[in-house]
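Readers should treat all values here as calculations from the given coordinates under stated rules, not as data from a laboratory. All of these numbers come straight from a predicted model, not from anything done at the bench. When we count neighbours, we look across all protein chains shown, and the Cβ atoms used for this are built from the backbone with ideal geometry, even at glycine.
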Amino acid sequence: MDISTVVSGPAQWAILVLCAIIIGMSKTGIQGITTLAIPILALAFGGKPSTGIILPMLCLADFMAVAYYRRDAQWKYILRLLPSAIAGFFVALAVDKLIPAEEFKRLMALCILAGIGVMFWTQRVGKENTISSAWWYGPMFGLLGGFTTMIGNAAGPIMSVYLLSMNLPKNSFVGTSAWFFLIVNLLKVPLQIFAWNNISWTTVVIDVMLLPALALGAVLGIWLVKRLPESKYRTLIIWLTILSTLMLLW
């Protein structure tokens, strides 16, 4: 098992540590900023190989988040999203070779921005119950989330938009997202091992070595959630979601 075949030098290790801290913070508090780490890892290691490095890292951070927020999840939202999210996995596998990566990223970004626009509009005119409570609303976000997380581990902004539109308190927001992504990411592992062949024992060992950086990020995320009032937390998540989504357009 030669780790140097995956990580070639100090620069790549520095990138991995930075991204591990970002992922830890995202999972325990500042939802959506994982999208900031995805393009950095893709540039350093390549598109599909980077998803094999990041997925075990995401799972480890998910366990940390669930351990802390395990009592805060709103399971009705998780169960509303899961069936269509799993369907989204297989849609992603089917169209993986049909849609160019750059075009897919732009399509995904436009869908997220449209969702943010709908969220603002429904809150402005007071129609949350007519749209966000519609039977198709949760499954639509679940399908898009499953599709995007399978293609590029980039469902954070989608989940943020959905949970923001549900007006969840910040701890419930983080706890619900933590449980949803733990389940989804664990379900993705065998698909990426056997269908995409981009997770190996070497990448798992690298991710385990990054546990201290993940834990540091997780502590920072929890600290920020405690420090921020509900309204400021919600505003921060909205702007980080918009920022991370615009990055997909570049």
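Order by neighbour count: 233, 137, fewest other Cβ atoms within 10 Å first, most last.
Neighbour counts put them in this order, fewest first: 137, 233.
Based on other C-beta atoms within 10 Å, arrange 227, 234 from fewest to most.
227, 234
Please report 164, 98, 81, 228 as a ranked list, fewest other C-beta atoms within 10 angstrom at the top and most at the bottom.
Least to most surrounded, the residues fall as 98, 228, 164, 81.
If eta is 1.002 mPa s and T is 20 °C, what Stokes-Einstein diffusion coefficient results for the stretch 165-250, Kirkwood Rh from Cα pairs, in µm²/s?
Answer, rounded: 137 µm²/s.
With θ taken as phi - 60° and the coefficients 6.51, -1.76 and 1.60, list the Karplus ³J(HN,Hα) couplings across the stretch 238-245 in order, rounded to whole Hz; mark glycine and proline as x.
4, 6, 5, 5, 4, 4, 5, 6
Name the long-range amide H neighbours of residue 74: under 5 Å, sequence gap of 5 or more, or other chain; modelled H, no Pro or chain starts.
Distant-sequence amide H within range of residue 74: 176.
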